Amino acid sequence: MMDFAYWLPIVWAVILVAAISIYVVLDGFDLGIGMLFALERHPERRDVMVNTIAPVWDGNETWMVLGGAVLYGVFPGAYATLLPAFYLPIVLMLLALIFRGVAFEFRVMTRGTGRERLWNIGFMAGSAIAAFCQGAILGGVVQGVTVVDGAFAGGALDWLTPFSVLCGLAVMCGYALLGATWLIWRTTGVLEASCRRWAARLAVGLFIGIVAVSLWTPMLHAPYLRRWIDWPNIVFVAPVPVLVVVLAFQFVMGLRKGHSKGPFLCALGWFFLCLSGLGITMWPYVVPPGLTLWDVSSPPSSQFFQLIGTAVLLPIILTYTIYSYHVFRGKVTETDGYH
């Protein structure tokens, strides 16, 4: 029974990380495309940008809902502690996502009128604010929250620090890079060429952000630093920064050789390595610096019951997600349309 109670939270942690990772990948380039509206002013090319994601963008939010449900049902201690610590950025993020979704549809309905410009600005602002808030929340979790007797005991703005702001800006840059590389894969002509230029600049910004966050994070808590420098841990974590550099080289070569998919896959690899690095750093804490997986998890019987339902639901979500992207694959041009 002890082994069962020990391993269940680990299984759920893997599911939670997978849901968050898939959301970051899928909704990341959605939000990135919204932010790239600030660089592309041509109405027809903006429509092409939107049409690359229009058939699938709303389904991407499923993974955020799944992650929230797992946190609520399986790790209620973390949910009860983290939610009051991040009420402000979470509410702001949700409002931005809602306004972005409304702007996504209304910009089409108001095409050719003065209000189209307003909805385009809303689409850009909603995407940027949501991306920043997600990065700031991540940074706030990594830097830790004040907990007394298992409950949040800090202030409403404790999350807002230079480190969380850096994480927010890095995520904005990363999402914009995902959006640019997605458009390299899915578009042609002038828009594709523009995205290659944007991607080169954004990759530099993201790389600087990765280095800055990577150097800052181990300084936040002593266990973080030991995780990266103690022997034999260093043998297992050393490949992460090495692979970041390798992917940077592959990214540059892909852009120079005119590859379509390569830059996007390299950007995904950077995000995967960043999430892996954070996982290595924080393990086994869910609410740093004091609450572990087992401290905040629900009873084993409850976890097992939810695991049965998830085992049925997760393959369905994966199947329709993969199928929708398969159906709407290929290059999108100005002659194509979704709305």
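The values are calculated or read from the model by the stated rules, or taken from the named source; none is laboratory data. None of the values given here were measured: they were computed from a predicted structure. Glycine gets a Cβ as well: all are built from the backbone with ideal geometry, and neighbour counts include every protein chain shown. When the accessible area is computed, the model is the full protein with side chains, heavy atoms only, and any ligands, DNA or RNA have been set aside. Shrake-Rupley method; radii C 1.70, N 1.55, O 1.52, S 1.80 Å.
For the reader, a short list of remarks on this structure follows.
- Cα coordinate range in the chain, projected on the principal axes (Å, largest first): 61, 38, 38
- Cα-based helix-to-principal-axis angle, 61-74 vs the chain, degrees rounded to 10: 10
- Largest mean-square fluctuation among Tyr320, Tyr23, Tyr224, in a Gaussian network model of the chain whose springs join Cα atoms under 10 Å apart, belongs to Tyr320.
- With at most 16 neighbouring Cβ atoms within 10 Å, loop trypsin sites (Lys or Arg not before Pro) (DSSP) excluded, longest segment of the chain: 112-256
- Selection from Gln250, Gly290, Leu268 lying farthest towards where the dipole of region 247-339 points positive, charges on Cβ: Gln250
- Over all other residues within a Cβ to Cβ distance under 13 Å of Tyr175, the charged ones net out to -1, with Lys and Arg as +1 and Asp and Glu as -1.
- Rounded if a/c under 1.5, otherwise prolate or oblate - region 1-144, Cα gyration tensor axes: prolate
- For the chain, modelled as a GNM whose springs connect Cα atoms under 10 angstrom apart, the maximal fluctuation among Phe37, Phe236, Phe264 occurs at Phe236.
- Angle of helix 76-85 to the longest C-alpha principal axis of the chain, folded into 0 to 90 degrees and rounded to 10: 60°.
- Carbon plus sulfur fraction of accessible area for region 4-328, probe 1.4 Å, in percent: 75
- Dipole size of region 4-328 about its Cα centre, with +1 on Lys/Arg Cβ and -1 on Asp/Glu Cβ: approximately 1020 debye, rounded to the nearest 20.
- Averaging the sequence gap over all C-alpha pairs within less than 8 Å and six or more residues apart, then dividing by the number of residues, gives region 1-83 a relative contact order of 43 percent.
- Whole-number D in µm²/s for region 67-151 (Stokes-Einstein; Kirkwood sum over Cα pairs; 25 °C, 0.890 mPa s): 168
- For the residues Gly144, Gly59, Gly126, a GNM of the chain with alpha-carbon springs under 10 Å puts the largest fluctuation on Gly59.
- What the phi angles of region 262-269 give under the Karplus curve with 6.51, -1.76 and 1.60, with θ = phi - 60°, is a coupling list of x, x, 5, 5, 5, 4, 4, x Hz, glycine and proline written as x.
- The residue among Leu36, Ile22, Leu191 whose Cα reaches farthest toward the positive pole of the charge dipole of region 4-328, with charges on the beta-carbon of Lys, Arg, Asp and Glu, is Leu191.
- The C-alpha atoms of the chain define a longest principal axis, and helix 300-327 lies at about 20 degrees to it.
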